[in-house]
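Participant: Sending over a structure as structure tokens; questions will come in a sec.
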Amino acid sequence: MTKFAVPVLLIMIISVSAFAQNQPGFDDKLAPHSFYIDFVPFKDSLSDSIVVEVYFKAFSSALSYEKWGEKFKSSYEINIVINKKRKQVTGITRDGDLFADNYKMTRSKKDFIIDKFVFKLLPDNYELVGRLVDSHSGNQLTAKTDMKLKNFGKKTPFMSGIQFLRESEMSTEKSQFARDGLDLIPSVSKAFGYDEPEMKIYYQVYNLEDFQKDYLVYYEILINDKSYFSDTTLFPSNGAVTGRVERFDVESLLPGIYELTINVQSPGGKLDLKEESVFIVEWSIMGIVKNDFKTAVEQLRYIASGEEMKALKKASEGKRLELWLLFWESKDPSPGSPDNELREEYYQRVRYSDLNFGHFGRDGWKTDMGMVYVTYGSPDEIERHPFDVNTKPYQIWFYYEQKRRFVFVDFNGYGDYDLQYPYDGDIGRAR
């Protein structure tokens, strides 16, 4: 594992999700997962039913692979089930295969599949259940969500649900995501900020066939019932069905669960439609740098020297971002490449620590476990002793390549593990 206290030329990308699944109490809505489902209701122009698009997203690293000639192959099954009052109403199953050119690609955290199913349902309250089944190992990942479908009926005007988008591009060929001349690729996780600085949405307004007035739309983004952003726009209707794509810059937002509200009105008219949905802003490097530079500098304690930390702390407001970028440029192990692998790896570890080791308001990267994790990465082995007789709960983390072991003890019984001394490491100065 890469230790950040010394210069490195090669970065080993850690498998965060596998380690996360072994952590007690790991159930954070802001944390990355391997399998997601989502749905958006649209009006059916031919009946009183509702067209429900169900999307799934599965990361390829969640599956097991077998050698397949010169490549690697995985097979999976997707099950989508819709229940009402604990009884199945409908469902569908689809099989698929994934191929990777090499083993490293099978562990990639950036490769995933997105697809959709379409159902026609009557207005009611349902439960949507998705299962990803690994055909090789038999392992399953399950995702569930409530699905409340309001009655469109023959009522006009009305609004569809809000579809969060990963991409919105001109459609060049037939695609299952084509609509209004665009390929609207859903953001199934509805998570933005980390590698998607722009949040995009799509929705439809249903009105009378001959309605040709403008729509006045008020957008608001809230967190904890407090308004963070609002904007108003005007766009023309397109008769019976008007589709709209909007974009919002969320790169500078701090991590959290936000609510988007859309209020559609008509200037001088009686139109008043409203839809809302939640989305997630993930941990973002630039979000921290722009909103809390003091914390951004403190987070460098495991890789920066004392002099480097001092220089950054003294930076004027106008120079902060420039000096922060120059700091990471000086650490870039491959200056000619577009990505700074060291920076990406470092903040993956900080982010993971924040999600898993935080305790009673204390940031995870500031804890002893966070300090070791950011410095050394994911342990090769964790030995857990939660219920040994006459001892406090403790864990031992082993780093075989580094020839290190760290013992953490939970003295108070609340999951706050302290690093015990002496230890087989040399990270004391980072405290």
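Participant: Might you check whether a residue that is open to solvent by less than 10 Å² (accessible area, probe 1.4 Å), closer than 24 Å to residue 281 by Cβ and under 28 Å from the mean Cα position of the chain (by Cα) occurs anywhere in segment 377-386? Before the answer, list the steps.
Facilitator: If we filter segment 377-386 for residues that are open to solvent by less than 10 Å² (accessible area, probe 1.4 Å), which is where we start, we get 377.
If we keep only those that are closer than 24 Å to residue 281 by Cβ as well, we get none.
Taking every residue of segment 377-386 in turn, none turns out to be open to solvent by less than 10 Å² (accessible area, probe 1.4 Å), closer than 24 Å to residue 281 by Cβ and under 28 Å from the mean Cα position of the chain (by Cα).
Participant: Still on this structure, I have one more. Just to be sure, is residue 324 open to solvent by less than 50 Å² (accessible area, probe 1.4 Å), within 18 Å of residue 298 (Cα to Cα) and touching a Lys or Arg at 6+ places or on another chain (Cβ under 6 Å)? Before you say what the answer is, go through the steps one by one.
Facilitator: Values: open to solvent by less than 50 Å² (accessible area, probe 1.4 Å): yes; within 18 Å of residue 298 (Cα to Cα): yes; touching a Lys or Arg at 6+ places or on another chain (Cβ under 6 Å): no.
Against the criterion (open to solvent by less than 50 Å² (accessible area, probe 1.4 Å), within 18 Å of residue 298 (Cα to Cα) and touching a Lys or Arg at 6+ places or on another chain (Cβ under 6 Å)), residue 324 does not qualify.
Participant: Let me ask something else about it. Inside segment 151-166, can you point out the residues that are surrounded by 14 or more Cβ atoms within 10 Å (Cβ to Cβ) and either at positive phi or not aliphatic (A, V, I, L, M) (or both)?
Facilitator: Applying the first criterion (surrounded by 14 or more Cβ atoms within 10 Å (Cβ to Cβ)) to segment 151-166 yields 152, 156-166.
The answer is 152, 156, 157, 158, 160, 161, 163, 164, 166.
Participant: Moving to a separate point now. What pairs come out if I take residues in segment 130-142 that are surrounded by fewer than 17 Cβ atoms within 10 Å (Cβ to Cβ) and pair them with residues that are acidic (Asp, Glu) whose C-beta lies under 7 Å away, six or more apart or interchain?
Facilitator: The qualifying pairs are 135/77; 136/66.
Participant: Specify the residue that is most open to solvent (accessible area, probe 1.4 Å); the eligible residues are those in segment 110-129 that are assigned to a loop (DSSP other than H, G, I, E, B) and closer than 24 Å to residue 61 by Cβ. Lay out the reasoning, then the answer.
Facilitator: Of all residues in segment 110-129, those assigned to a loop (DSSP other than H, G, I, E, B) come to 110-111, 122-124.
Checking the rest, the ones that are also closer than 24 Å to residue 61 by Cβ come to 110-111.
Details: 110: 130, 111: 63 Å².
The extreme case among them is 110.
Participant: Those residues that are more than 22 Å from the chain's Cα centre (by Cα), open to solvent by 30 Å² or more (accessible area, probe 1.4 Å) and in contact (Cβ under 8 Å) with a residue 12 or more places away in the chain, I need them from segment 234-262; list them, please.
Facilitator: Restricting attention to segment 234-262, the residues satisfying the condition of being more than 22 Å from the chain's Cα centre (by Cα) are 234-244, 262.
Applying the additional criterion that residues be open to solvent by 30 Å² or more (accessible area, probe 1.4 Å) yields 234, 236, 238, 241, 243-244.
The answer is 234, 236, 241, 243, 244.
Participant: Among the residues of segment 175-185, is any more than 24 Å from residue 55 (Cβ to Cβ) and within 18 Å of the chain's Cα centre (by Cα)? Explain how you work it out, then say what you get.
Facilitator: Keep residues of segment 175-185 that are more than 24 Å from residue 55 (Cβ to Cβ), which gives none.
No, because not a single residue in segment 175-185 is more than 24 Å from residue 55 (Cβ to Cβ) and within 18 Å of the chain's Cα centre (by Cα).
Participant: Step by step: first the residues of segment 189-203, then only those that are modelled with pLDDT of 95 or more and open to solvent by less than 20 Å² (accessible area, probe 1.4 Å), then the one that is nearest to residue 272 (Cα to Cα). Which residue is that?
Facilitator: 203
Participant: Being charged (D, E, K, R) and at pLDDT below 50 narrows it down to one of 44, 48, 28, so name that one. Break it down into steps so the answer makes sense when it comes.
Facilitator: Numbers: 44 fails: at pLDDT below 50; 48 fails: at pLDDT below 50.
Testing whether each residue is charged (D, E, K, R) and at pLDDT below 50 leaves just 28.
Participant: Going through segment 191-233 one residue at a time, which ones are touching a residue at least 40 places away in the same chain (Cβ under 8 Å), outside any strand (DSSP E or B) and under 19 Å from residue 158 (Cα atoms)?
Facilitator: 207, 208, 211, 213, listed by residue number.
Participant: Go through (1) crowded, with 19+ Cβ neighbours inside 10 Å; (2) in contact with an Asp or Glu (Cβ under 6 Å, 6 or more places away or on another chain) and name the single condition residue 169 misses.
Facilitator: Tallying (1) crowded, with 19+ Cβ neighbours inside 10 Å; (2) in contact with an Asp or Glu (Cβ under 6 Å, 6 or more places away or on another chain), residue 169 fails exactly one: (1).
Participant: Here's another thing I want to ask about it. Given the criterion closer than 18 Å to residue 254 by Cα and without any contact (Cβ under 8 Å) to a residue 12 or more places away in the chain, identify the matching residue among 361, 287, 318, 306. It would help to see each step written out before you state the result.
Facilitator: Values: 287 fails: without any contact (Cβ under 8 Å) to a residue 12 or more places away in the chain; 318 fails: closer than 18 Å to residue 254 by Cα; 306 fails: closer than 18 Å to residue 254 by Cα.
Among 361, 287, 318, 306, only 361 is closer than 18 Å to residue 254 by Cα and without any contact (Cβ under 8 Å) to a residue 12 or more places away in the chain.
Participant: Looking only at segment 327-343, which residues are surrounded by 15 or more Cβ atoms within 10 Å (Cβ to Cβ) and in a helix (DSSP H, G or I)? It would help to see each step written out before you state the result.
Facilitator: Keep residues of segment 327-343 that are surrounded by 15 or more Cβ atoms within 10 Å (Cβ to Cβ), which gives 327-328, 331, 333, 340-343.
Correct list: 327, 328, 331, 341, 342, 343.
Participant: Is it true that residue 396 is among the β-branched types (Val, Ile, Thr), assigned to a loop (DSSP other than H, G, I, E, B) and surrounded by 15 or more Cβ atoms within 10 Å (Cβ to Cβ)?
Facilitator: Numbers: among the β-branched types (Val, Ile, Thr): yes; assigned to a loop (DSSP other than H, G, I, E, B): no; surrounded by 15 or more Cβ atoms within 10 Å (Cβ to Cβ): yes.
For residue 396, the condition - among the β-branched types (Val, Ile, Thr), assigned to a loop (DSSP other than H, G, I, E, B) and surrounded by 15 or more Cβ atoms within 10 Å (Cβ to Cβ) - is not met.
Participant: Of the residues in segment 51-77, how many are in contact with a helix residue (DSSP H, G or I) (Cβ under 8 Å, 6 or more places away or on another chain), open to solvent by 30 Å² or more (accessible area, probe 1.4 Å) and not in a strand (DSSP E or B)?
Facilitator: So the count comes out to 2.
Participant: Can you tell me which residues in segment 270-311 are assigned to a loop (DSSP other than H, G, I, E, B) and open to solvent by less than 40 Å² (accessible area, probe 1.4 Å)?
Facilitator: The first filter runs over segment 270-311 and keeps only residues assigned to a loop (DSSP other than H, G, I, E, B), leaving 270-271, 282-284, 292, 299-305.
Passing the criteria: 271, 282, 283, 284, 299, 300, 302, 303, 304.
Participant: Now, a different point. So, residue 44, is that one under 20 Å from residue 116 (Cα atoms) and surrounded by fewer than 21 Cβ atoms within 10 Å (Cβ to Cβ) or not? Walk me through how you get there before you give the answer.
Facilitator: Working: under 20 Å from residue 116 (Cα atoms): yes; surrounded by fewer than 21 Cβ atoms within 10 Å (Cβ to Cβ): yes.
So residue 44 passes the test.
Participant: Follow-up question, since we're still on this one. Tally time: how many residues in segment 147-176 are farther than 29 Å from residue 265 by Cβ and in a loop (DSSP other than H, G, I, E, B)?
Facilitator: Here the count works out to 6.
Participant: Hey, residue 298 hits all of (1) under 27 Å from residue 321 (Cα atoms); (2) in contact with a Ser or Thr (Cβ under 9 Å, 6 or more places away or on another chain) but one; which does it fall short on?
Facilitator: (2)
Participant: Can you pull out the residues in segment 344-372 that are basic (Lys, Arg) and assigned to a helix (DSSP H, G or I)? Walk me through how you get there before you give the answer.
Facilitator: Taking segment 344-372 and keeping what is basic (Lys, Arg), we get 349, 351, 362, 366.
349, 351, 366, listed by residue number.
The values are calculated or read from the model by the stated rules, or taken from the named source; none is laboratory data. This is a predicted model, so every value here is computed, not measured. As a convention, Cβ positions derive from the backbone with ideal geometry for all residues, glycine included, and neighbour counts pool all protein chains shown. What goes into the accessible areas is simple: the full protein's heavy atoms, side chains included, and nothing from ligands, DNA or RNA. Shrake-Rupley method; radii C 1.70, N 1.55, O 1.52, S 1.80 Å.
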